[in-house]
Amino acid sequence: LPASELTKYCLTFLGHEVLMFEALREAMIEEMTLDPTVCMIGEDVGDYGGSYKVSKGLSEMFGDLRVLDTPIAENSFTGMGIGAAMKGLRPVVEGMNMGFLLLAYNQISNNCGMLPYTSGGQFKIPIVIRGPGGVGRQLGAEHSQRLESYFQSIPGIQMVACSTPYNAKGLLKAAIRSDNPVVLFEHVLLYNLKEKIPDEEYICCLEEAEMVRPGSQLTILTYSRMRYHVMQAVKTLVNKGYDPEVIDIRSLKPFDLHTIGNSIKKTHRVLIVEECMRTGGIGASLRSAIIDNFWDELDARPVCLSSQDVPTPYAATLEDATVVQPAQIVAAVEEICQS
Amino acid sequence: SPPSAPVPRHRIPQIPLNPARASRASPAMAAAILRRLSPAAAQRAPPRLLPPTLARGVSDSTEPLTVETSVPFTSHIVDPPSRDVSTTPRELAAAFRDMALMRRAEIAADSLYKAKLIRGFCHLYDGQEAVAVGMEAAITRRDAIITAYRDHCLYLARGGDLVAAFAELMGRVDGCSRGKGGSMHFYKKDANFYGGHGIVGAQVPLGCGLAFAQRYRKEGTVTFDLYGDGAANQGQLFEALNMAALWKLPVILVCENNHYGMGTAEWKASKSPAYYKRGDYVPGLKVDGMDFLAVKQACKFAKEHVLENGPIILEMDTYRYHGHSMSDPGSTYRTRDEIAGIRQERDPIERVRKLLLTHDLATAQELKDMEKEIRKEVDTAIAKAKESPMPDTSELFKNVYVNDCGLESFGVDRKVVRTVLP
């Protein structure tokens, strides 16, 4: 059995049930207990327990220097986290919403991403920058941003997106242990997902994709919340007789072309479903990488379904039209398989 | 062979000479001293190896000496330190040597830039040497320093290698950042020198982060976070200062006020040019940044202060003779008279030279000889740096990531395809 299937099998009988934010919290507690240089920096992470309760109770456990409540100064506290990382600490910087981290873009791009290179390898920046992003429920344009594409080109950082409590905990632990700067994208609507996760310690590989549903007819590549839209569409597709293979790519930079490539070699058709912006998004880069590397394996044009290049509207109907819906996924799969 | 009769001396040595220092006196210098001291000795060929007492030259004493700073300190919500600075002849001589080396290195960089061996941006520090050298005199290598792009002399003050500095400026592989950083990205991790940053003001939060790590680990050391009068108007400075004051981080914000933010004079950019007062609830001290001893006193005071009380701002009133960078002539927004006037009245090296001469710690000729030696040292370093090769193309992808996964290429397709360079 592939590893993911085996895990699912074991999880049925062992482990404990958690919500996604609790899984992240468990990861933080475990890493902070293991390594005294791991600390958390962000707005309202201390006494308030985090705006999504990820750090609830942590400041009582570890003290308020290790779980640092900052003033509202994203640029500076991200810069401070990077400076602390230069000097040997392993900070986890929480952006209350990924959109706020745009204010810290200079620090993330120029200092975080570039310092190991411009210093000729003298410094490493083992920082984790995490926070919720993505389109929520009518949160308005500025709080519903899809910023994976904005950070994608920064040389020197790694980007991962979690989608289940299992991979959230595993990826956060791996990100904290990695010596490279990692940006972990969480999603506002996934914090209350429930899943059973193992009791014993485990880590997910930062550069690996996750096989969600093996299949033979076409490969659907997705990440974060769109995984659930895809699985909903897959229910309809299976009833119609299709057999899609669904892969949650998890690692947005670099892509796990090993898993993706093997899948394309098997199915010869690919559909990318993402919540990122169409222009210059993760899907755009992934489509290019697939064409460059697996052109000979493809029987049809690789299709990419992304969200629209608009600020997320407030009205519910318009907001739904901004992101990819299961019906669109079903239609796209039918079109690809017929071609 | 050493002379048999004792030669007349105008200085009686108080303490034995440090042998390491004696070895630095060159035969030429020794010969010059001999000629001055004894006409008879001048008739003989200069001996190859002089005994320590005769190779003495510039005073090496560690007897304390008190000197008054040029102007008293002005302070904001703190009691200023005393104007009387305790120093030693050895310290003054070392300061002279270090500042003269920095001056010579920066002038040499100017020539290299004009010869197109250094490209891009090159921001020179000549005129401001006292800040770098005074700071070093007050602290240890365990304290951290971070600065912006005018970093060549800070790197040298932290013990940086002259050859590595010139090699980096010329983009050679033996540079301190392996040729990949350039003029604005000098770092020296083992000496706690954190660079070397191109974006104005971005280093200020980084410096507060260094201080945070120092406090987190209870190291008992401090961070000197340098920025300019131009960067003083950056919002992130006030954000970082607020956090440093909230958490009592051991950070000293040092504003190197050379009165011009590139081409903009400070009165045109800042509503309040009293940068030492801008901390509001954070104490500040205004220091004559062209006075080595004042800088040393202020930095010593600041270090003791922040370990107890949290951040402090030091405004160093200094001046740069060159323009903002080598692309800026430096004379379109200020007059040549102003530059010449400051060079005449406030030059940091001349000030220390005067101190050495008036306190009879060295003669003018000895100091000139020292400068000649320094010139040679810099020229040798440049020649050696020129021999270093350009980095190989394999360096292009090194150090983008820490290679903890054994991965080799750095695009999106890292695992399957190894990037082939055009």
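The values are calculated or read from the model by the stated rules, or taken from the named source; none is laboratory data. Here the structure is a predicted model, which is why all the values come from computation and not from measurement. Note that we place each Cβ from the backbone using ideal geometry, even for glycine, and neighbour counts take in every protein chain shown. Note: accessible area is taken over every heavy atom of the protein model, side chains too, but ligands, DNA and RNA are not part of it. Shrake-Rupley method; radii C 1.70, N 1.55, O 1.52, S 1.80 Å.
Here are some notes:
For every residue, the table says whether it meets (1) within 10 Å of chain B (Cβ to nearest Cβ); (2) touching a Gly at 6+ places or on another chain (Cβ under 6 Å); (3) at pLDDT 95 or above.
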site	(1), (2), (3)
A:LEU14	no, no, no
A:ARG90	no, no, yes
A:GLY95	no, yes, no
A:SER109	yes, no, no
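- Qualifying residue in the stretch B:311-323 (condition: open to solvent by less than 20 Å² (accessible area, probe 1.4 Å), assigned to a loop (DSSP other than H, G, I, E, B), within 14 Å of another protein chain (Cβ to nearest Cβ) and in contact (Cβ under 8 Å) with a residue 40 or more places away in the chain): yes
- Across the stretch B:389-402, the number of residues qualifying as part of a loop (DSSP other than H, G, I, E, B), open to solvent by less than 80 Å² (accessible area, probe 1.4 Å) and within 13 Å of another protein chain (Cβ to nearest Cβ) comes to 5.
- Per-region count, the stretch A:127-140, residues over 18 Å from the mean Cα position of the chain (by Cα) and within 11 Å of chain B (Cβ to nearest Cβ): 0
- Complete set of residues in the stretch B:355-405 that are farther than 19 Å from B:GLY160 by Cα and among the β-branched types (Val, Ile, Thr): B:THR358, B:THR363, B:THR393, B:VAL400, B:VAL402
- Top-ranked residue of the stretch B:212-235 - restricted to ones that are open to solvent by less than 10 Å² (accessible area, probe 1.4 Å) and facing another protein chain (nearest Cβ under 8 Å), ranked as nearest to the chain's Cα centre (by Cα): B:GLN214
- If you filter the stretch A:60-88 down to residues that are hydroxyl-bearing (Ser, Thr, Tyr) and open to solvent by less than 10 Å² (accessible area, probe 1.4 Å), you find that the one that is nearest to the other protein chains (Cβ to nearest Cβ) is A:SER76.
- Residue in the stretch B:203-214 that is modelled with pLDDT of 95 or more, in a loop (DSSP other than H, G, I, E, B) and closer than 30 Å to B:THR88 by Cβ present: no
- Among the residues listed as A:TYR48, A:TYR105, the single one being in contact (Cβ under 8 Å) with a residue 12 or more places away in the chain, open to solvent by 10 Å² or more (accessible area, probe 1.4 Å) and either more than 12 Å from chain B (Cβ to nearest Cβ) or closer than 20 Å to A:SER178 by Cβ (or both): A:TYR48
- Listed by position, the strands (runs of 3 or more DSSP E) contained in the stretch A:138-210 that have at least 3 residues being more than 30 Å from B:PHE397 (Cβ to Cβ) and either in contact with a Lys or Arg (Cβ under 9 Å, 6 or more places away or on another chain) or open to solvent by 20 Å² or more (accessible area, probe 1.4 Å) (or both) are A:194-197.
- Residue match in the stretch A:260-269 (condition: touching a Lys or Arg at 6+ places or on another chain (Cβ under 7 Å) and either among the hydrophobic types (A, V, I, L, M, F, W, C) or not in a helix (DSSP H, G or I) (or both)): no
- Residue check for B:LYS303: touching a residue at least 60 places away in the same chain (Cβ under 8 Å), assigned to a helix (DSSP H, G or I) and surrounded by fewer than 23 Cβ atoms within 10 Å (Cβ to Cβ): yes
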